[in-house]
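All remarks here apply to the structure that follows.
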Amino acid sequence: MTMRRLGILGGSFDPIHNGHMHMAVSACRYFDLSEVWLVPAGHSPNKNEAGMTAAEHRFRMCELAAAGAEGIRASRLELDCAERSYTYRTLERLKADMPSTELYFIMGGDSLDYFDQWVKPERICELATILVVPRDSFETEALRAKIKELQSLFPCRVEIVPVSLVPLSSTSLREELGAGRADPGDFPGGVYAYIKEHGLYQPRNKGKEEMDQRQ
């Protein structure tokens, strides 16, 4: 019986864009994963939650993005958890719920550069194989050096996904949306239409205020 192989791609997804989906789909394809879950951050330790778009909007955008991609789905795993959204905690919950599933944690090469500064990186590596997507071909050698450095600190399994990151950033896209210059082609599925429908990322972020009032 083939063991289930589950990929996890976490992030604020504020908003989700084609760069995120490229990472998820590429990891799924090249490492023959059963599924990849998009896991929007709940109580992020690295973000000012007051400045983030409402969780339900971010989750709905992930659902729309996943709807058009085979093997990809959105998960509420961190949104429905009251505690801080540390990666090791998320992976521990998954392993407890699905002990026979192989876990793969997906990240960009820029994140691997400071991975040893995360909370309990050694525990993350006990629970999952790390899949890293480089920014470009020139970064691959630097990533290999970083992987060796990490392996000298604690046992870890790190694999490089043989594609380059799509050069998109949620921060830049929020600015472009606010200025009315965003390219709809930068967003998967019905995400751009959803953003426009709910008035997200406008100067006063009316969509965020609307969703906050409902909660």
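A few comments on the model shown:
- A straight chain from GLU70 to ARG93 at 0.36 nm per residue would run longer than the Cα-Cα distance by 5.8 nm.
- Taking amide H as placed 1.01 Å from N in the peptide plane, the amide H of ALA74 sits under 5 Å from that of LEU38, each at least 5 places away or on another chain.
- Relative contact order [Cα under 8 Å, 6+ residues apart], the chain, whole percent: 25 percent
- Per residue of the chain, the DSSP helices (runs of n ≥ 4 H) give a summed -39500 (n - 2.57) that works out to -12000 deg cm²/dmol at 222 nm.
- Between 0 and 90 degrees, the angle of helix 139-153 with respect to the longest Cα principal axis of the chain falls at about 60 degrees.
- Computed Rg/Rh of the range 59-205, alpha carbon atoms with Kirkwood Rh: 1.00
- Working note: Karplus 6.51/-1.76/1.60 with θ = phi - 60° gives the range 122-132 the couplings 5, 6, 4, 6, 5, 8, 8, 7, 8, 10, 10 Hz, where Gly and Pro are set to x.
- Residue-normalised accessible area of the range 1-150, given per residue in Å² at a 1.4 Å probe: 46 Å²
- Here the 3J(HN,Hα) profile of the range 171-182, calculated from phi with Karplus coefficients 6.51, -1.76 and 1.60 at θ = phi - 60°, is 4, 5, 5, 4, 5, 5, 5, x, 8, x, 10, 5 Hz, Gly and Pro shown as x.
- Long-range HN-HN contacts of LEU131 with modeled amide H, under 5 Å: PHE105, ILE106, MET107, GLU159
- When both the range 118-132 and the range 150-188 are represented by their alpha-carbon centers, they are found 19 Å apart.
- You can think of it this way: the chain between THR140 and SER172 has 9.0 nm of extra reach, that is 0.36 nm per residue less the Cα-Cα gap.
- Phi-derived couplings, Karplus 6.51 cos²θ - 1.76 cosθ + 1.60 at θ = phi - 60°, listed residue by residue for the range 87-94: 4, 5, 5, 4, 5, 4, 5, 5 Hz, with x used for Gly and Pro.
The values are calculated or read from the model by the stated rules, or taken from the named source; none is laboratory data. Quick caveat, the model's predicted, so the values are computed rather than measured. Note: areas computed on protein heavy atoms with side chains; ligands, DNA, RNA excluded. Shrake-Rupley method; radii C 1.70, N 1.55, O 1.52, S 1.80 Å.
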